[in-house]
Amino acid sequence: MLNCRSMTTPEYSLECSRVIVGLSGGVDSAVAAILLKEQGADVHALHMTNWEDDDGYCTASADLQDARNICERLNIPLHHVNFTKEYREQVFTDFLNEYQIGRTPNPDVLCNKEIKFGVFLEHSSRLGGELVATGHYARTKVINGQTTLLKGADPKKDQSYFLNAVKSAALKKVIFPLGELRKVEVRNIAREYGLEVHDKKDSTGICFIGERPFSDFIATYLPDNPGPIKTIDGRLLGKHRGLMHYTLGQRQGLGIGGQQGTSNEPWYVAKKEIKSNTLVVVQGNHPLRFSSSLITNTPSWINGEPERIGLDDTFQCKAKVRYRQTEQSCRVSRFKDNALIVNFEARQADVTPGQYIVFYRDEICLGGAVIEEVVSNPDTLLKAG
């Protein structure tokens, strides 16, 4: 047995506490279980199946077998639950609806809110779980009596962005054992315990659906709707399969290279014109790709609204509009119907409706909101609101 290591735990002893670990069959959740056992917890594993098909890409069966092998090696009980119905109703339906109206959703955020920290949490309590744990790279801390979400210590793996819609009430029942660790440390622990998954590839792609040819996958649910690819001055360059197959800032897969009378700079998707079913493209760092403001839908604050936001005052923080982005300084104002206007100090590239903007103050993740619209003149909108 290895010595107890640094991990994010509640502010009380875990000894003899039943903790239900969400065991995916990957290295992260396996090491989460190891760390909890080292702390003396009564660890049970719960493996979720949330997607099933026989197209050759679904890894559900292999992942379940990996979970069984991990539990046998660690001598912990394994429970299995099928949330396929809940996933389709609460996550995948919204995912398709967003694509259908020309936006680019992020299902991982909704999956965390509704499945991993929703129905999974409820099911864990029926198994006698006092707490649940996952392999997310994030941390929690009690501040002024409330459980707050902190970024993971490893900046390359921090997953607080995807947890922005999980409320404090759920987080207080959750442990993130990997929050203080780096990925290389996690793999080393798995190797020391003789787990075959120590070098298993990290999961990518759509939450629980996995890595697969996206255009072919989405076409099985949303029929192609071809339309023109044009420049901003209306020049026809080609034809697209359907706006749902493209996202703002996309460079690959446009099929319009080598246009006569243009520069050698790469082409990027800059705009989707829904009414005319037109994909608008530009070359290089064209101004159409950049904006300094955006409008959100109703935000989800983890611990409640961090400061009073009114029409005549602003809330200053940092935010990012995509997972891998460095946090950007911004000012937040309430718009109308509980929406927000966010003004950035620096212009942002390829801000994409349907994606999430997530707000931070130092190490604390405050919450987030879906991006509804990119704004070219925020002063005009504020007066109209």
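I want to verify the translational diffusion coefficient of the range 21-108 in µm²/s; compute it with Stokes-Einstein, Rh as the Kirkwood radius over Cα pairs, at 20 °C and 1.002 mPa s. All intermediate terms of the calculation are to be shown ahead of the outcome.
Values: Rh = 14.6 Å.
Result for D is 147 µm²/s.
Within the range 273-288, whose backbone N sits under 14 Å from a point 7 Å along Cα→Cβ of GLN325?
None, by backbone N distance to the label point.
To test your reading of the geometry: what angle, between 0 and 90 degrees and rounded to tens, separates the Cα axis of helix 27-38 from the longest principal axis of the chain?
30
Could you give log10 I(q)/I(0) at q = 0.13, 0.15, 0.21, 0.25 Å⁻¹ for the range 289-384, computed by the Debye formula over C-alpha point scatterers of equal weight, without solvent?
Ignoring solvent entirely, the Cα scatterers give -0.37, -0.50, -1.05, -1.58.
Kindly express, to the nearest 10 degrees and within the range 0 to 90, the angle between helix 60-74's C-alpha long axis and the longest C-alpha principal axis of the chain.
30
If contacts are Cα pairs under 8 angstrom and at least 6 residues apart, what is the relative contact order of the chain in percent? Intermediate values should be presented prior to the final figure.
Numbers: 776 pairs, mean separation 57.6, N = 385.
With pairs under 8 Å counted, the relative contact order is 15 percent.
Can you give the translational diffusion coefficient of the range 18-199 in µm²/s, computed by Stokes-Einstein from the Kirkwood radius over Cα pairs at 4 °C and 1.567 mPa s?
77
Every number in this text was worked out from the coordinates using simple rules, so none of it is lab data. Quick caveat: nothing in here was measured; it's all calculated off a predicted structure. Please note: Cβ atoms are built from the backbone with ideal geometry, for glycine as well, and neighbour counts cover all protein chains shown.
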